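I have placed the structure first, in the form of structure tokens, so that the comments after it can refer back to it.
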Amino acid sequence: MKVSTDESPLVSVVIPCYNAECFIQQTVTSVIEQTYRATEIIVVDDGSTDETASIIAQFDHVRYFYQPNSGPAAARNTGLQLSKGEYIAFLDADDLWMPEMLKRCVAVLEAQPSVGAVHANWLPIDSNGQLLRQQSGWQPWRGDIFERLLVHIPFNTSSIVWHRAWWHKIGGFDLTPEVNDDWLNWLRIVHLGCQFEAIAQPLVYRRTHPQGITRVQSQRVVQWRLNALERICSEYSVAESLRRAAYAEIYWVSTMQAVSQDRLDDAVDDLRQAVDNDPSLLSRRSTFFGLACGDSDSRQRMSTPLVAQYNLMRILDGLFSCAELPVGILDQESIIRARALFYLAQIAYSVGEHDILARRLLGQSLRMNPSVALDSQAAPWVARILLGRRLVRLGHKVKASMMSEKANADR
């Protein structure tokens, strides 16, 4: 435990781990190097068979507890029982904190007594610690977030610092097997009245291992989240529209993951479930981007634009061949396909160096259904794509020059 020279409130940092020898040293070090000094570090080893224990033994100020393998929820509960801090944070064994994480979060909690939890922005890194993207898609969620949290999961376990009392109010983590326990417990805490605050600055590195996730594992995660949703809907009064939106989001996230892993048949199945619960998905630009690129960075996917186009068209072909679709979707096939091509043209143009592809996709879109260009937001895109980036840049330079000449003449 770090000893504070002032009266700063103690923060308990619980790190559950299982065979974490590859990352646990970096993770613990990121806590030790926090600028906020009043911390206790509790590592709960959930039955590791590797060198995790010997690595933790190298640290002087870490409380280590070993238990037979019982799962991450049980490990977090053990850490919760061992903790003494007024505040508590659960850090996954492969994630990292930036040095200001605890200082910034505790400052918010101390300044706003009505706030029960603070979530910080985060950045994704790969197994080697390399930054995957400059943005995480994070959004600031504040206040009563129950309905939003039911539909979306905007943060991860490692990015939140809590008033420990809230976890005691719900009796710790739910140990029911085959449920998404993080999400389920967050919803229960929020339903009790826990108010959230947000910090926009990235303070967490979240490690992702997308290539290591198998099809079976992906399907298991979906089922566990569905099980958690059923539990919440049975415990609380949830409007039907909100429940369907939550189902749609679960299947939509699974759709994007399937695309990223080139499991296009699975993507079709998940998309059908998502659209069945929320037909409006097929009117959103983000949907077609996800079908083309998955949850990957657009520049990475569009560096092979024919693959992105193949993904999008293959999935739509599969969707429209399904026997059961919501009423009216089949009647909109032409406009949906045209819209998909138009959005793909926008993506190709935005990435750069794909002007010819962008114009070809735009032409296919307009021939299929010219009405896609009638929207007020579509016209500027049509102009940009037809002109090409070089002429658009030239136009901007001419406009800037004319404005400069006018400003000089007015002096």
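The values are calculated or read from the model by the stated rules, or taken from the named source; none is laboratory data. Please read all numbers here as calculations on a predicted model, not as lab measurements. All Cβ positions, glycine included, derive from the backbone under ideal geometry; neighbour counts span all protein chains shown.
Taking the stated definitions as given, is Ala292 surrounded by 22 or more Cβ atoms within 10 Å (Cβ to Cβ), under 30 Å from the mean Cα position of the chain (by Cα) and farther than 30 Å from Leu242 by Cα?
no
Does Asp182 satisfy the condition of being touching a Ser or Thr at 6+ places or on another chain (Cβ under 6 Å) and assigned by TED's automatic domain parsing to the domain that holds Leu123?
Taking the combined requirement at face value, the residue satisfies it.
Kindly indicate which of Ala38, Ala89, Ala93, Ala73 is at pLDDT below 95 and either of a type in the set (Asp, Glu) or within 20 Å of Asn156 (Cβ to Cβ) (or both).
Values: Ala38 fails: either of a type in the set (Asp, Glu) or within 20 Å of Asn156 (Cβ to Cβ) (or both); Ala89 fails: at pLDDT below 95; Ala93 fails: at pLDDT below 95.
Checking each option against the conditions leaves just Ala73.
So, in segment 146-166, how many residues would count as being at pLDDT below 90 and crowded, with 21+ Cβ neighbours inside 10 Å?
Within segment 146-166, residues that are at pLDDT below 90 and crowded, with 21+ Cβ neighbours inside 10 Å number 1.
Out of Ile347, Ile356, which single residue is of a type in the set (A, V, I, L, M), at pLDDT below 85 and out of contact with any Gly (no Cβ under 8 Å at 6 or more places or on another chain)?
None of the other options fit; the residue is Ile347.
Please go through segment 13-40 and pick out each residue that is out of contact with any Gly (no Cβ under 9 Å at 6 or more places or on another chain) and without any contact (Cβ under 8 Å) to a residue 40 or more places away in the chain.
Listed by number, the residues that qualify are Glu21, Gln25, Val28, Thr29, Ile32, Arg37.
With the condition kept exactly as written, say whether any residue in segment 154-168 is of a type in the set (D, E, K, R) and either assigned to a loop (DSSP other than H, G, I, E, B) or more than 20 Å from Arg104 (Cβ to Cβ) (or both). Explain how you work it out, then say what you get.
From segment 154-168, those of a type in the set (D, E, K, R) are 164; that's our starting set.
Narrowing further to those that are either assigned to a loop (DSSP other than H, G, I, E, B) or more than 20 Å from Arg104 (Cβ to Cβ) (or both): none.
No: zero hits.
Being of a type in the set (Asp, Glu), outside any helix (DSSP H, G or I) and surrounded by 15 or more Cβ atoms within 10 Å (Cβ to Cβ) is the filter here, so list the residues in segment 172-187 that pass it.
Asp174 - this is the single residue of segment 172-187 that is of a type in the set (Asp, Glu), outside any helix (DSSP H, G or I) and surrounded by 15 or more Cβ atoms within 10 Å (Cβ to Cβ).
Within segment 221-278, which residues are farther than 22 Å from Gly290 by Cα and among the basic types (Lys, Arg)?
Arg231, Arg243, listed by residue number.
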